[in-house]
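The values are calculated or read from the model by the stated rules, or taken from the named source; none is laboratory data. Since we're looking at a predicted model, the values are computed, not measured. Virtual Cβ from ideal backbone geometry, glycine too; neighbours counted across all protein chains shown. Each accessible area value is taken on the protein alone, full model and side chains, heavy atoms only, with ligands, DNA and RNA left out. Shrake-Rupley method; radii C 1.70, N 1.55, O 1.52, S 1.80 Å.
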Amino acid sequence: MESAARCFTVHGRVQGVFFRDSTRREAERLGIRGHAINRPDGTVEVLAAGAAPALAELERWLHRGPPMSRVTKVVAAAAPGEVPPGFRTG
């Protein structure tokens, strides 16, 4: 299956609501590697690499997020460079 990589910036109430850990669990379920990290501006950056259908499913999930979050916008862009194995939060 074809592999792709994307970088998502998730806006809204996404810090302090288990967004990163929930994203990690969803990514691992989908076989996606990358990271979810808090940004100083209050957004969460999600770098994700994997099969194109899995990335599309993760993007749909990012628009909802975990129950305590309130996502207002998700911006997708090409991933900058190589995506390491595994999925980490930071």
Quick check: residue separation of GLN15 and THR89 times 0.36 nm, minus the Cα distance between them. What number comes out in nm? 25.4 nm
Among GLY65, GLY12, GLY34, determine the one that fluctuates most according to a GNM of the chain built with springs between C-alpha atoms less than 10 Å apart. GLY12
Rg ratio (alpha-carbon, reference 2.2 N^0.38 Å) - region 1-68: 1.02
Candidates THR43, THR72, THR23: whichever shows maximal mean-square fluctuation once the chain is modelled as a Gaussian network with Cα springs under 10 Å: THR72
Helix-only mean residue ellipticity at 222 nm for the chain, each DSSP H run of n ≥ 4 adding -39500 (n - 2.57), per residue, nearest 500: -8500 deg cm²/dmol
Of all accessible surface on the chain at a 1.4 Å probe, what whole percent is carbon and sulfur? 51 percent
Set Lys and Arg Cβ to +1 and Asp and Glu Cβ to -1, take the dipole of the chain about its Cα centre, and tell me which of PRO84, ALA5, LEU62 lies farthest positive. LEU62
Among GLU59, GLU28, GLU45, whose mean-square fluctuation peaks in a Gaussian network model of the chain (Cα, cutoff 10 Å)? GLU28
Under a point-charge model restricted to the Cβ atoms of Lys and Arg (+1) and Asp and Glu (-1), what is the dipole moment magnitude of region 1-68 relative to its Cα centre, in debye to the nearest 20? 140 debye
In Å², and per residue, what accessible area does the chain have when probed at 1.4 Å with the other protein chains present? 55 Å²
Given the Cα-Cα distance of ARG39 and GLU57 and 0.36 nm per residue of separation, how much length would full extension add, in nm? 4.2 nm
